[in-house]
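The values are calculated or read from the model by the stated rules, or taken from the named source; none is laboratory data. Bear in mind that the values here come from a model prediction, so they are computed numbers and not experimental data. Using ideal geometry, Cβ is built from the backbone for each residue, glycine included, and neighbour counts are taken over all protein chains shown. For accessibility, only protein heavy atoms count, side chains too; no ligands or nucleic acids. Shrake-Rupley method; radii C 1.70, N 1.55, O 1.52, S 1.80 Å.
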Amino acid sequence: MTHGHTVDPDESAEEHWDSRYRESERRWSGEPNAALVTEAAGMTPGRALDIGCGEGADAIWLARRGWRVTAVDVSGVALERAARHAREAGAGTGVDWQRHDLAVSFPGGEWDLVSAHYLHSQAELPRDAVLRRAAAAVAPGGVLLVVGHADPGDREEAHHHGMPFPTPEEVLEQLRLEPGRWAVERAAEFERARADRERRPGLHRDNILRVRRLPG
Ligand SMILES: C[S@@+](CC[C@H](N)C(=O)[O-])C[C@H]1O[C@@H](n2cnc3c(N)ncnc32)[C@H](O)[C@@H]1O
């Protein structure tokens, strides 16, 4: 991410993220998130929803493994890129790309896997409410996977200024899941290898919450 990007309080989430994506040809690595790969590897492919899909690497990875994917982002710039990457990867028909400002609208349907990876934003984002809506979209027997940064990291203080970094337990509380209807399958902090802007290797602390809606 670019450091020191100033935030215009009048800018919408769409304007903010479109301009962030326009700053470079490719913002993310193009590789799927390691936590998604680990968690989804043992699941039977079904319907998946990726919220805040960015340039689409996770959605494309899922589609190539047989999932029928709906992928959502507020940025049309990111979605156009994602669709192009999907075509280039031969997964062009496996993903339904939808533009939503998740603060305002959410795709209709239910999914066996709902995935939210690094749904952090400097622009206004009612993250708790969006994640509650995401939980409501999980089909019986399905999984909600929430992966986020555990902290801003030394190098990203300015960039992440004011953004919340809830622990997995705090995310669980925010979800307000119906008691007795969900199983917590993972709530942990983990370290992820991640190079800094000078491409020096380093570690970043992230957290993961995986909850399953009990069948029936
Ligand atoms: C930090 S990026 C993570 C992208 C991707 N999930 C990944 O792991 O590489 C956050 C993504 O959330 C999207 N986003 C932020 N606010 C949003 C909103 N209100 N509605 C939909 N998407 C949003 C951004 O456009 C961006 O692509």
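At a glance:
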{"item": "Among residues of the range 102-129, those that are polar (S, T, N, Q) and in a strand (DSSP E or B), counted", "result": "1"}
{"item": "Residues within the range 50-85 that are within 9 Å of the ligand (Cβ to nearest atom), closer than 19 Å to R133 by Cα and more than 11 Å from the chain's Cα centre (by Cα), tallied", "result": "1"}
{"item": "Condition met for H161 (in contact with a Lys or Arg (Cβ under 8 Å, 6 or more places away or on another chain), at negative phi and modelled with pLDDT under 95)", "result": "no"}
{"item": "Hits in the range 23-66 (condition: exposed (fewer than 13 other Cβ atoms within 10 Å of the Cβ), closer than 18 Å to E80 by Cα, out of contact with any helix residue (DSSP H, G or I) (no Cβ under 7 Å at 6 or more places or on another chain) and of a type outside the set (S, T, Y))", "result": "E23, E25, R26"}
{"item": "Hits in the range 98-119 (condition: acidic (D, E) and near the ligand (Cβ under 8 Å from one of its atoms))", "result": "D101"}
{"item": "Check on A139, modelled with pLDDT of 90 or more, of a type in the set (A, V, I, L, M) and part of a helix (DSSP H, G or I)", "result": "no"}
{"item": "Test: residue in the range 52-74 that is in a loop (DSSP other than H, G, I, E, B), modelled with pLDDT of 95 or more and polar (S, T, N, Q)", "result": "no"}
{"item": "Number of positions in the range 120-134 that are surrounded by fewer than 18 Cβ atoms within 10 Å (Cβ to Cβ) and more than 9 Å from the ligand (Cβ to nearest atom)", "result": "4"}
{"item": "Selection status of R176, at pLDDT 95 or above, open to solvent by 50 Å² or more (accessible area, probe 1.4 Å) and within 12 Å of the ligand (Cβ to nearest atom)", "result": "no"}
{"item": "Pairs with Cβ under 8 Å, 6+ apart, first in the range 21-35 and in contact (Cβ under 8 Å) with a residue 60 or more places away in the chain, second surrounded by 10 or more Cβ atoms within 10 Å (Cβ to Cβ) and in a loop (DSSP other than H, G, I, E, B)", "result": "Y21/R27; Y21/E55; Y21/S75; N33/Y118"}
{"item": "Residue within the range 34-46 that is β-branched (V, I, T), more than 18 Å from L119 (Cβ to Cβ) and part of a loop (DSSP other than H, G, I, E, B) present", "result": "yes"}
